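Below you'll find the structure, written out as structure tokens, and then a few comments.
The values are calculated or read from the model by the stated rules, or taken from the named source; none is laboratory data. None of the values given here were measured: they were computed from a predicted structure. Quick reminder, even Gly has a Cβ in these numbers, built from the backbone with ideal geometry, and neighbours come from all protein chains shown.
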Amino acid sequence: MLAKKLYAFPISKVFHLDDAGEEQFLGLRFRWNTGETEIAWEKPGAFKMGLIVEEPIPASSSPGRA
């Protein structure tokens, strides 16, 4: 039986790196209690393709962690 997705912690900020080298915020990557990761897009459907970079979020800023 598969574990249910009960809670998720943010693990990184997701950006699009444009041709000018500017970062455009796209959303947050979360890790579920099941170990799966998922991106919560700021504007779903707005980003089509390109170079994506991620900036890790320190574990101390994740809710529920000491």
**Fill in**
Scanning region 29-54 for residues that are closer than 21 Å to residue 4 by Cβ and assigned to a strand (DSSP E or B) gives 29, 30, 31, 32, 37, 38, 39, 40
**Within region 15-53, tally of residues that are touching a strand residue (DSSP E or B) at 6+ places or on another chain (Cβ under 8 Å), modelled with pLDDT of 80 or more, exposed (fewer than 12 other Cβ atoms within 10 Å of the Cβ) and among the small types (Gly, Ala, Ser)** = 0
**Message:** I need every pair where a residue in region 29-51 that is over 14 Å from residue 16 (Cβ atoms) has its Cβ under 6 Å from the Cβ of a residue that is among the β-branched types (Val, Ile, Thr) and surrounded by 11 or more Cβ atoms within 10 Å (Cβ to Cβ), sequence separation at least 6 or different chains.
**Reply:** 31/11; 31/37
**Message:** Just to be sure I understand, how many residues within region 55-66 are among the aliphatic types (A, V, I, L, M), part of a loop (DSSP other than H, G, I, E, B) and at pLDDT below 85?
**Reply:** 1
